1. Suppose we filter 169, 176 for residues that are in contact with a strand residue (DSSP E or B) (Cβ under 7 Å, 6 or more places away or on another chain) and without any contact (Cβ under 8 Å) to a residue 12 or more places away in the chain; which single one remains?
2. Quick check on this structure: which one of 107, 34, 41, 54 is surrounded by 14 or more Cβ atoms within 10 Å (Cβ to Cβ) and not assigned by TED's automatic domain parsing to the domain that holds residue 152?
3. Quick check on region 1-31: of everything there that is surrounded by 10 or more Cβ atoms within 10 Å (Cβ to Cβ) and in a loop (DSSP other than H, G, I, E, B), which residue is modelled with the highest pLDDT?
4. In this structure, does residue 68 turn out to be farther than 25 Å from residue 89 by Cβ, modelled with pLDDT of 90 or more and out of contact with any helix residue (DSSP H, G or I) (no Cβ under 9 Å at 6 or more places or on another chain)?
5. Within region 80-90, how many residues turn out to be surrounded by 15 or more Cβ atoms within 10 Å (Cβ to Cβ), free of Cβ contacts under 8 Å to residues at least 60 places away in the same chain and under 13 Å from the mean Cα position of the chain (by Cα)?
6. Please report, ordered by residue number, the strands (runs of 3 or more DSSP E) entirely within region 91-143 with at least 1 residues that are under 18 Å from the mean Cα position of the chain (by Cα) and touching a residue at least 40 places away in the same chain (Cβ under 8 Å).
7. Filter region 155-180 for residues that are more than 16 Å from the chain's Cα centre (by Cα), surrounded by 17 or more Cβ atoms within 10 Å (Cβ to Cβ) and in a helix (DSSP H, G or I) and give the result.
């Protein structure tokens with residue numbers, strides 16, 4: 001008789017903070033100095049304010065408030081540096097746009113398999129269905145334009161009337177960087193309700209024939225970053 005699997009324990013918040021620091025510190029020389037400056041400077045500022053106000057109560061109150069404020073400021077700084085560093089290391093990796101898009105918790109669903117790819121040109125297109133219609137995440141720059149056009153025409157035949165939004169992801173002019181990708185996806189006006197999204201997603205999935213052939217020994221998704229790490233596990 002197989003043993004029941006034990007449910008995974010939820011990690012404590014301080015464990016996640018420690019992990020974020022360990023992951024970011026080796027790649028960010030300003031992380032520790034920035035945290036120390038915020039903590040020391042924040043506490044000092046509130047202690048001085050308490051001394052200027054005068055009285056034991058004011059000094060104690062301002063000191064405690066200073067410690068809490070400094071800790072919150074340091075955590076915010078760590079979070080921002082962690083995100084920036086993670087996005088920077090993901091830039092240029094095949095499938096990075098999909099990892100970032102799938103971190104959107106509500107209103108969008110992105111398929112694991114690309115809907116179009118050209119290994120020689122290094123272009124990949126991922127597809128998502130959500131509130132704003134259908135989004136195509138395009139990696140590979142201008143070389144993927146013909147693939148985008150062909151993909152749009154195919155989708156329009158399968159689900160006519162549904163808006164299709166190509167988003168070119170990258171660092172070139174006119175492309176969307178990873179740290180701004182979620183915002184670019186969410187900005188599209190609502191075009192589908194929950195039931196419509198499910199219908200469109202099921203239609204696209206049921207058609208088949210959209211998964212491109214994978215050349216032997218090549219898996220463009222293998223280099224994809226850990227999405228659970230991006231979500232904070």
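The values are calculated or read from the model by the stated rules, or taken from the named source; none is laboratory data. Note that this is a predicted model, so its numbers are computed, not measured. Counting neighbours? That spans all protein chains shown, and the Cβs are built from the backbone with ideal geometry, glycine included.
1. Every option except 176 fails the conditions.
2. Numbers: 107 fails: not assigned by TED's automatic domain parsing to the domain that holds residue 152; 41 fails: surrounded by 14 or more Cβ atoms within 10 Å (Cβ to Cβ); 54 fails: surrounded by 14 or more Cβ atoms within 10 Å (Cβ to Cβ).
From the options 107, 34, 41, 54, the qualifying one is 34.
3. The residue in question is 30.
4. Numbers: farther than 25 Å from residue 89 by Cβ: yes; modelled with pLDDT of 90 or more: yes; out of contact with any helix residue (DSSP H, G or I) (no Cβ under 9 Å at 6 or more places or on another chain): yes.
Spelling it out, residue 68 is indeed farther than 25 Å from residue 89 by Cβ, modelled with pLDDT of 90 or more and out of contact with any helix residue (DSSP H, G or I) (no Cβ under 9 Å at 6 or more places or on another chain).
5. Count: 0.
6. Numbers: elements: 108-110, 116-118, 123-130, 133-139.
The qualifying strands (runs of 3 or more DSSP E) are 108-110, 123-130, 133-139.
7. 155
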